[in-house]
Amino acid sequence: MSSRPTAIEARDLKKYYPIRKGLLGRIVGQVKAVQGVSFSIDKGKTYALVGESGCGKTTTSRVVLRLRPPTAGKVLWNGNDIWDLEGRGLRDFQRKVQAVFQDPVGSMNPRMKVRRIVAEPIRLGKLELDSTDEIDTVVKALESVDLHADDLERYPHEFSGGQRQRIAIARALVVDPELIVLDEPVSALDVSVRAQIMNLLGELQQSKNLSYLLIAHHLATVRYLSDTIGVMYLGRIVEEGTAAQIVDNPQHPYSQALVEASLPAVPGMRDEIETIRYEVSSPINPPQGCEFHPRCPEAMDICSAVRPPLVKLEDGRRVACHLHPRAEMSLENPTVKSASDKEEREA
Ligand code: SF4
């Protein structure tokens, strides 16, 4: 277990959305977007949540940012549940936890100049800076992402995609955050600038001791910035380990398929790359047993009947798959060795 202080911790997070029907909006079902996710991020470290779209990683990040309330579970920041914060404590959280989203264009008002865009968190956080101090702080944030004071009076459309993402990063940095949620920070950018932005994020993390929650669908994107990777499938973490464990030696068949899918296409390897078969199942009516079993090339009889618990292996990683012996008791519920679907439906 790490002795570093914790930046933030998610405990057994669940997020369900009701499905309503008819004029009266009767609830006829639930979308189970997040089904009991736990992780913690050490200060100065990066935790990456990786999976296909619809796996619940973005919903998890919205709950951690306090943009959506959880259906159950907690997010602990400095020992307090973020949903209990109010007044000054809430303002501190909103300042110290910032976000950079996938689409820098969509997250910026095109009619605002860079000086106002980057200063937004200062104003939202009600930081009392006079106008000279505010400009100095904005320029410092711009310089930390290799932009300049000359850029203050320009509009977003005057910049390239990579430069706009630098502006978005400067906007997050301007209030001196401790944790930044990076939601697919390079997936909308040209391949040629992705490495530059990831390198910049790595340098900023080192110089400012930042913690990151990194959301991505591509393992290759997160490999070098991540300390820990959690692989999500249909709302659950199915494997969690160090970046080297997950990328170089994945143990869950879904992690293996993600790794193979992130390799460059090589003639003769196509069959392996296509191990992720079929479409991801619906979170409204997930499969019984292991939710990955309809797509899993290793599925056994037990897989469609019993959902495997998340257990810790000898090398310290956590994995939820019947292929792996239960090295310890279930980490999801130490009193129950495996959770049946019936139990879950009745919960
Ligand atoms: Fe595949 Fe079974 Fe493991 Fe699920 S539990 S990943 S179906 S082998």
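The values are calculated or read from the model by the stated rules, or taken from the named source; none is laboratory data. What you see is a predicted model; the values in this text were computed from it and never measured. Cβ: placed from backbone, ideal geometry, glycine included. Neighbour counts: every protein chain shown. Remember, those area values only see protein heavy atoms, side chains included, never the ligands or the DNA or RNA. Shrake-Rupley method; radii C 1.70, N 1.55, O 1.52, S 1.80 Å.
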Hits in region 21-31 - residues which are among the aliphatic types (A, V, I, L, M) and not in a strand (DSSP E or B): LEU23, LEU24
Segments classed as strands (runs of 3 or more DSSP E), wholly inside region 144-251, with at least 3 members that are open to solvent by 60 Å² or more (accessible area, probe 1.4 Å): none
Hits in region 211-247 (condition: touching a Phe, Trp or Tyr at 6+ places or on another chain (Cβ under 6 Å) and under 16 Å from GLU52 (Cα atoms)): GLY230, TYR233, VAL238
Residue check for PRO18: in contact (Cβ under 8 Å) with a residue 12 or more places away in the chain and either surrounded by 15 or more Cβ atoms within 10 Å (Cβ to Cβ) or part of a loop (DSSP other than H, G, I, E, B) (or both): no
Pairs with Cβ under 9 Å, 6+ apart, first in region 258-287 and at positive phi, second at pLDDT 75 or above: TYR278/PRO294; TYR278/ARG295
Of all residues making up region 287-311, the number that are surrounded by fewer than 17 Cβ atoms within 10 Å (Cβ to Cβ) and more than 9 Å from the ligand (Cβ to nearest atom): 2
